[in-house]
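**Student:** Below is one structure. I have some questions about it.
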Amino acid sequence: MKANMNHELVLNAEAFAIATQMYVRLRRVSARVIDVMYLVHDKNYAKHIIEIALATEDTELERYATRLSALVDLYPEPEAALDEVKDDFNGAVEGADPYSSEVTAEEIYQAQVGHHYIGALR
């Protein structure tokens with residue numbers, strides 16, 4: 001499990017580095033802006049950006065696209081990642097007390113004190 005997490009961190013770091021370079025180059029070449037964080041986490045979006053980069057016929061973008069396409073194949077499948085997040089969320093919700101997040105009158109008053117102060121200055 002730990003080795004898998006380390007592999008994902010290295011993969012994300014490498015993909016992020018390439019994506020930021022692509023961001024700058026795409027903006028210069030075609031005035032196009034991409035979402036780097038979304039590119040790092042979404043396989044389909046990464047493939048779409050690779051196609052856009054190749055369509056520009058810029059040699060530097062082609063080099064980045066080639067490097068990124070090798071990493072995109074290593075991205076985890078979105079279904080597996082989504083199921084893992086759902087399991088973590090469901091485990092956290094089952095153990096929680098539904099009434100523990102109820103707001104008290106004191107908390108409401110404390111939240112409003114700042115507003116009273118600002119209003120008094122006007």
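**Student:** Given (1) more than 23 Å from the chain's Cα centre (by Cα); (2) part of a helix (DSSP H, G or I); (3) among the acidic types (Asp, Glu); (4) modelled with pLDDT of 85 or more, identify the lone condition not met by Glu107.
**Tutor:** Every condition holds for Glu107 apart from (4).
**Student:** Take the residues in the range 33-42 that are surrounded by 14 or more Cβ atoms within 10 Å (Cβ to Cβ) and either in contact with an Asp or Glu (Cβ under 6 Å, 6 or more places away or on another chain) or not in a helix (DSSP H, G or I) (or both), then tell me which one is modelled with the highest pLDDT.
**Tutor:** At the first step, the residues of the range 33-42 found to be surrounded by 14 or more Cβ atoms within 10 Å (Cβ to Cβ) are 34, 36, 39-42.
Imposing the further condition that a residue be either in contact with an Asp or Glu (Cβ under 6 Å, 6 or more places away or on another chain) or not in a helix (DSSP H, G or I) (or both) reduces the set to 34, 42.
Details: Ile34: 90, Asp42: 85.
Filtering first and then ranking leaves Ile34.
**Student:** Can you run down the residue pairs with Cβ atoms below 7 Å, 6 or more apart or on separate chains, where the first is in the range 16-37 and farther than 14 Å from Ala65 by Cα and free of Cβ contacts under 8 Å to residues at least 12 places away in the same chain and the partner is assigned to a helix (DSSP H, G or I) and charged (D, E, K, R)?
**Tutor:** Sorted first by the residue in the range 16-37, then by its partner, the pairs are Val33/Arg27.
The values are calculated or read from the model by the stated rules, or taken from the named source; none is laboratory data. Not measured: the values here are computed from a predicted model. Backbone-built Cβ (ideal geometry, glycine too); neighbour counts: all protein chains shown.
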